[in-house]
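A.B. asks: Handing you this structure, nothing more for now.
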Amino acid sequence: MAKQEFVELRFLRNVKLLIGRATKKRFVTLDGIKVSARAEALPKHIQSLLYKKIYEDAERALVRQSVRSGSKVLEIGAGIGVIGLLAARLAGHGNVVSYEANPDLRLLINENHELNKVSPELRMRAVTVDGNPVAFHKSNNIISSSLHERDETNSVTTVESDALVDVLEELRPNIIVMDVEGAEIDLLADVALTGVEALLVELHPHIVGQEKIDALLTSLETRGFVVTADREKNVLLKRMMP
């Protein structure tokens, strides 16, 4: 993108932000998905990203690139529900299951689901290697809460979980979308990904270190997955046929 185009784009985004704040806009539309932007429900910086219409823009682009009508999608880490809703709109009714471990997000996810005609099946649980109850570290920045203890952690709660191998056996997805704030390292380390054709994973080197990220990508490559797109720490890996 040329410098002039970048400046103009940033200006337009800031105009959208100012209009949103001035009018106290309560909803925005992203890729055909209606999303709550209520100030009382969101951290200010998340609301700003929504008003600018750049919330999860890299991940949304990769979802648009990979999910098709009839795709069977497993989302691990629903956040506020935007990505799962987009996947559901593209894949169709009954084809997306979303997991979210943070109990504080239930009301906001449900609100966003109710705003849209098609929504994923929501399971308010973590996904882990062993399926045991797990410590969940909450942050004031709701989308940065994690199974990993981090500097911004302000409280810890215990959440129930499902084992990834059991979830894969039950749902048999052909696409996995994962944003789990560093837990991708353990979840994808050794699991058999039978039937999975594409993985869309947000990587978190700032949490787990680049060495572990490189090792994970190497492991996935030995299992037949090749990175076909890379946008702002979000990678799309597709299984290459022998």
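The values are calculated or read from the model by the stated rules, or taken from the named source; none is laboratory data. Computed from a prediction, not measured in an experiment: that's the story for all the values here. Accessible surface is based on the protein model in full, side chains and every heavy atom, while ligands, DNA and RNA are left aside. Shrake-Rupley method; radii C 1.70, N 1.55, O 1.52, S 1.80 Å.
A.B. asks: Which residue fluctuates most in the GNM of the chain (Cα springs below 10 Å): GLY182, GLY77, GLY209?
C.D. replies: Residue with maximal mean-square fluctuation among GLY182, GLY77, GLY209: GLY209.
A.B. asks: Could you provide, to the nearest whole Å², the per residue accessible area of the chain with probe 1.4 Å?
C.D. replies: About 50 Å² of surface per residue is accessible.
A.B. asks: Report, by chain and number, residues whose modeled amide H sits under 5 Å from the one on ASP162, excluding near sequence neighbours (fewer than 5 apart, same chain).
C.D. replies: When sequence neighbours closer than 5 places are left aside, the close amide H contacts are ALA126, VAL127, THR128.
A.B. asks: Take the chain, connect every pair of alpha-carbon atoms lying under 10 Å apart with a spring to form a Gaussian network, then pick out the residue of ASN102, ASN14, ASN110 with the largest mean-square fluctuation.
C.D. replies: ASN14
A.B. asks: Filter the cross-link list LYS25/LYS117; LYS72/LYS117; LYS16/LYS238; LYS53/LYS117 down to pairs whose alpha-carbon distance in this structure exceeds 28 Å.
C.D. replies: Long pairs (Cα-Cα over 28 Å): LYS16/LYS238.
A.B. asks: Using the Kirkwood formula over every pair of different C-alpha atoms, what hydrodynamic radius in Å results for the range 89-242?
C.D. replies: Computed over Cα pairs of the range 89-242, the Kirkwood hydrodynamic radius comes out at 16.5 Å.
A.B. asks: Jot down the radius of gyration and Dmax of the range 57-126, Cα atoms only, both in angstrom.
C.D. replies: Rg and Dmax of the range 57-126, Cα atoms, are 11.0, 31 Å.
A.B. asks: Between helix 82-91 and the chain, what is the angle of the helix's C-alpha long axis to the longest principal axis, kept within 0 to 90° and rounded to the nearest 10?
C.D. replies: Rounded to the nearest ten degrees, it is 70.
A.B. asks: Amide H of LEU203: which non-local residues (sequence gap of 5 or more, or other chain) have their own amide H closer than 5 Å, using H built in the peptide plane?
C.D. replies: When sequence neighbours closer than 5 places are left aside, the close amide H contacts are ASN234, VAL235.
A.B. asks: Could you tell me the relative contact order of the range 24-140? Use alpha-carbon pairs under 8 Å, at least six residues apart, and round to a whole percent.
C.D. replies: RCO, the range 24-140: 22 percent.
A.B. asks: Taking amide H atoms as placed 1.01 Å from N in the peptide plane, list the residues 5 or more away in sequence, or in a different chain, whose amide H sits under 5 Å from that of ALA229.
C.D. replies: Amide H neighbours of ALA229, under 5 Å, 5+ apart: LEU236.
A.B. asks: Per DSSP H run of n ≥ 4, the term is -39500 (n - 2.57); total these for the chain, divide by its residue number, and report the mean residue ellipticity at 222 nm rounded to 500 deg cm²/dmol.
C.D. replies: About -10500 deg cm²/dmol.
A.B. asks: Quantify, in whole percent, the carbon and sulfur part of the accessible surface of the range 1-142 (1.4 Å probe; protein heavy atoms only).
C.D. replies: Solvent-exposed carbon and sulfur of the range 1-142 make up 53 percent of the total.
A.B. asks: In whole Hz and in residue order, list the ³J(HN,Hα) couplings for the range 179-188 that follow from phi through the Karplus curve 6.51 cos²θ - 1.76 cosθ + 1.60, θ = phi - 60°; x for Gly and Pro.
C.D. replies: Ordered by residue, 3J(HN,Hα) equals 9, 10, 6, x, 6, 4, 4, 6, 4, 9 Hz.
A.B. asks: Now for a separate question. If one takes the longest principal axis of the Cα atoms in the chain, at what angle in degrees, from 0 to 90 and to the nearest 10, does the Cα axis of helix 3-23 lie?
C.D. replies: 70
A.B. asks: Oh, and also: Once the piece of chain linking LEU115 and THR194 is laid out straight, how much longer is it, given 0.36 nm per residue of separation minus the C-alpha distance between them?
C.D. replies: Difference between extended and current length: 25.0 nm.
A.B. asks: Rounded to whole Hz and in sequence order, give me ³J(HN,Hα) for the range 37-44 from the Karplus expression 6.51 cos²θ - 1.76 cosθ + 1.60, θ = phi - 60°, writing x for Gly and Pro.
C.D. replies: 3J(HN,Hα) across the range 37-44, in whole Hz: 10, 4, 4, 6, 9, 10, x, 4.
A.B. asks: While we're on this one: Contour minus end-to-end for GLU169 and THR29, with contour as 0.36 nm per residue of separation and end-to-end as the Cα-Cα distance?
C.D. replies: 47.0 nm
A.B. asks: From the phi angles alone, apply the Karplus equation (6.51, -1.76, 1.60; θ = phi - 60°) to the range 207-223 and give each ³J(HN,Hα) in whole Hz, x where the residue is Gly or Pro.
C.D. replies: Coupling constants for the range 207-223: 9, 9, x, 5, 4, 5, 4, 4, 5, 5, 5, 5, 4, 5, 5, 5, 9 Hz.
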